[in-house]
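Following: one structure in structure tokens, then a few remarks.
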Amino acid sequence: MSYKYSSGNYQIIGDLSGSDDSNRDTGIDFEENEINLVSGGSAVLSISGSDVYLANGSNLYLDGGSNLYFDSTPSPASVFISEVGDGSNSLNIDANNVLYLTADESVRIVATDGTKVKFDFNNNVAEVEMPLSSSNTIEGGTFVNNGGRKANLEYVTSTPYSVSTSHHMIAVNTDSAKTLTLPSVSNSDAGVVLIIMDGFGGGASAGANNNNITINAASGQGIGANSSYTINTMGGSVSLVALDSNGWIIFNKITS
């Protein structure tokens, strides 16, 4: 039975159903302090008190370029989820200042072939199941590598050659003598490691024992107490670490 009357600021009506709904199972259901949007006889969206509920098994779709806002003050809203409407199937989460992901045990980033990154809060570790690549410094108190390790290896064939702090391992072709100049370093470069080695070559006389590798420090800096270091043994190498603005120190070398 349909009815309506006015009370206070509200018009009192019964549940609503559209005339185009032949089954009369889609409409608005009014309950005590609750409003339900009903489809096919089941409540899909419910408003109860100050809360909004989406029924189990229901989905909320954002069409291309649509936004879901979480912060209405100030306007425009600064926290939102956006379906990027560029045909790329992309989702943008914009938290403006800080995005918090909270979980008791773990947070995982998953691709179609499995977990790629796992933040394990039980054991307080981050597990990465793919190569790490960055042009910036990656820092941490302890770094545990349970697999293989691949270092940046530069093969030098020209002379003179200018080394940079972005290098790590340098294999020098010794078909002929070579001269390398180390980069000028400051206190902020402390800890940069360079490993320079005899990379041999294709000639019969290749080798640092025949064709020395001379390593010069930048002007005003040193390699230990000297301004240069020479690799003059076959298969020789030297490992250097930037100490401070004074230059480099040797922490390991192979001389035979």
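Observations on the structure shown:
- Straightening the chain between Asp244 and Ser66 buys 58.8 nm, computed as 0.36 nm per residue apart minus the Cα-Cα spacing.
- Note on Asn96 and Ala190: with the Förster distance fixed at 25 Å, the Cβ-Cβ geometry gives a FRET efficiency of about 0.10.
- Summing Lys and Arg as +1 and Asp and Glu as -1 over all other residues whose Cβ lies under 10 Å from the Cβ of Gly236 gives a net charge of 0.
- Pairs of lysine residues in the chain - Cα separation under 26 Å, sequence separation of 8 or more or cross-chain: 5
- Gain in span if fully extended, Ser106 to Val79, counting 0.36 nm per residue against the direct Cα distance: 7.3 nm
- Pairwise FRET efficiency - Thr159 versus Asn124, Cβ, R0 = 45 Å, nearest 0.05: 0.40
- The residues neighbouring Gly41, those whose beta-carbon lies less than 15 Å from its own, together hold a net charge of -3 under the Lys/Arg +1, Asp/Glu -1 convention.
- Choice from Val44, Val193, Val156 with maximal GNM fluctuation in the chain (Cα, 10 Å cutoff): Val44
- Tail beyond 31 Å, pair distance distribution of the chain (Cα, percent): 60
- Residue of Gly41, Gly207, Gly220 that the Gaussian network model of the chain assigns the largest fluctuation, springs spanning Cα pairs under 10 Å: Gly41
- GNM result for the chain, Cα springs below 10 Å: residue of Gly222, Gly57, Gly191 fluctuating most strongly: Gly57
Where a number appears in this text, it was derived from the coordinates with a stated rule and is not lab data. Owing to the predicted nature of the structure, the values given are computational and were not obtained by experimental measurement. Backbone-built Cβ (ideal geometry, glycine too); neighbour counts: all protein chains shown.
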